[in-house]
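Trainee: Pasting a structure here, questions to come.
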Amino acid sequence: MLTSTSMNITAPYQDTISLIGNTPLVRLEGPSAAAGCSIFGKCEFANPGASVKDRAALYIIRDAEERGELKPGGCVVEGTAGNTGIGIALVANARGYKTIIVMPDNQSREKMDTLRALGAELVLVPPTKFADCNHFVHTSRRLAEETEGAVWANQFDNTANRKAHLEGTAEELWEQLDGKIDGFTCAAGTGGTIAGVGMGLKEHDSKIVIALTDPHGAALFNYYAHGELKAEGSSVAEGIGQGRITGNLEGAPIDTQYRVSDEEGLDWVARLLREEGLCLGLSSGINVAGAVALGKQLVAEGRKDARVVTILCDTGFRYLSSLYNADWLRSKGLPVFDWLEGN
Ligand code: PMP
């Protein structure tokens, strides 16, 4: 008898870099029932570095090599909330480069430990406004300038990032759903995913609705809704929430936008774990809430069999001491998952 694990077995990959991308797509039962149509999640936690950012890391490093900026034995420097750093460290190891990562010191413990374990040099800085010259992005640029043989990955404004999604993620989705996609939504950190997937899908079919799902504390919801970059509220979600139009967001084909609270995102994180056996980070929960909102909107417009896709950005194992820790959740004034109560 054929079992589910015998599906889609492919030929061996010829190198470890090729393990990045070509992630599975899965129909999510609870979100589909809530929306009244089909909601699919792109399993980016299945990348070698367990996040969507492996794709950007690979494209950025390849681009620097092709431009002749990154030479054998060189060094990649980046400012990152963590996942991009993990992707860069893995790709850099596979290509023989050093990695220096500058990160705000309020990111998850697991990300810091992981970066050190992978051999990256980690520079922690206090979180501050983008306008402050000590912001982690500016610090990483300066470090790259001062380091012999180093390139600055510059994930926010380097459009090699969104190209990874335009040529990779969007093409994979189109193939995986046989061209039957009605909507796509996700949140933006650098904006590489939403812009790249949006552009790639629109090239195939301009009627596919591209929606931004913004966490509280970010400025993009107001920008796309009213033309004004204005943040309201706050969020504990890592890796998402942008206050400016980055180079990657320029020209992103956003048709509509939703704003999702941490509570709503956490509710989906809890349901996906308890009901569907998926352990994810908060940005995935926020994305799923956005996908349900987009699905409902399409159904209300009469598209009863709509198919909506979102991104399952990273593994929840990266947040055991935060999202999955009762004391941490309480300290943030967030509801504690019921199975963690008493722990
Ligand atoms: N979720 C997580 C957990 C991330 O680390 C990131 C990357 N910053 C994103 C979502 C957003 O991806 P992008 O940078 O492509 O907008």
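Trainee: Mind listing which trypsin sites (Lys or Arg not before Pro) in the stretch 22-115 are in a DSSP loop and have 11 or fewer other Cβ atoms within 10 Å?
Mentor: When the trypsin sites (Lys or Arg not before Pro) of the stretch 22-115 are filtered for loop state and at most 11 Cβ neighbours within 10 Å, 67 remain.
Trainee: Ok, one more. If you average the alpha carbon positions of the stretch 254-269 and of the stretch 270-343, how far apart do those two centres end up, in angstrom?
Mentor: First find each Cα centre; the distance between them is then 9 Å.
Trainee: Just check the stretch 102-155 against the gyration tensor rule for me: Cα atoms, a ≥ b ≥ c as the square roots of the eigenvalues, rounded for a/c under 1.5, and otherwise prolate or oblate depending on whether a/b exceeds b/c.
Mentor: oblate
Trainee: Something else: Order these by the 10 Å Cβ neighbour count, fewest first: 52, 209, 26.
Mentor: So the ranking, lowest neighbour count to highest, is 26, 209, 52.
Trainee: Can you put 283, 18 in order, fewest other beta carbons within 10 Å first?
Mentor: The order, fewest Cβ neighbours first, is 18, 283.
Trainee: With runs of 4+ DSSP H residues as the only contributors, calculate the mean residue ellipticity of the chain at 222 nm using -39,500 (n - 2.57) per run, divided by the residue total and rounded to the nearest 500. Spell out each step's value before the answer.
Mentor: Numbers: 12 runs with 126 residues, N = 343.
Counting only the DSSP helices, I get -11000 deg cm²/dmol.
Trainee: Output wanted: per-residue J couplings in Hz (rounded whole) for the stretch 140-146, from phi through Karplus 6.51 cos²θ - 1.76 cosθ + 1.60, θ = phi - 60°, x for Gly and Pro.
Mentor: 5, 4, 4, 4, 5, 5, 7
Trainee: Now a separate question. Where does each of 105, 214, 178 land when they are ranked from fewest to most other beta-carbon atoms within 10 angstrom?
Mentor: So the ranking, lowest neighbour count to highest, is 178, 105, 214.
Trainee: DSSP loop GluC sites (Glu not before Pro) in the stretch 140-201 with at most 11 other Cβ atoms within 10 Å of their Cβ, which ones?
Mentor: The qualifying sites are 148.
Trainee: Could you order the peptides 185-193, 242-250, 331-339 from most to least packed, using the average number of other C-beta atoms within 10 Å per residue?
Mentor: 185-193, 242-250, 331-339
Trainee: Output the 0 to 90 degree angle, nearest 10, between the alpha-carbon long axis of helix 262-276 and the longest principal axis computed from the alpha carbons of the chain.
Mentor: 70
Trainee: Rounded, prolate or oblate for the chain? Axes are the square roots of the Cα gyration tensor eigenvalues, ordered a ≥ b ≥ c, and the cut-off for rounded is a/c under 1.5.
Mentor: It comes out rounded by the Cα gyration axes.
Bear in mind that the values in this text are calculations on the coordinates, not laboratory data. Keep in mind that this is a model prediction, so the values were computed, not measured. Neighbour counts run over all protein chains shown; Cβ positions are idealised from the backbone, glycine included.
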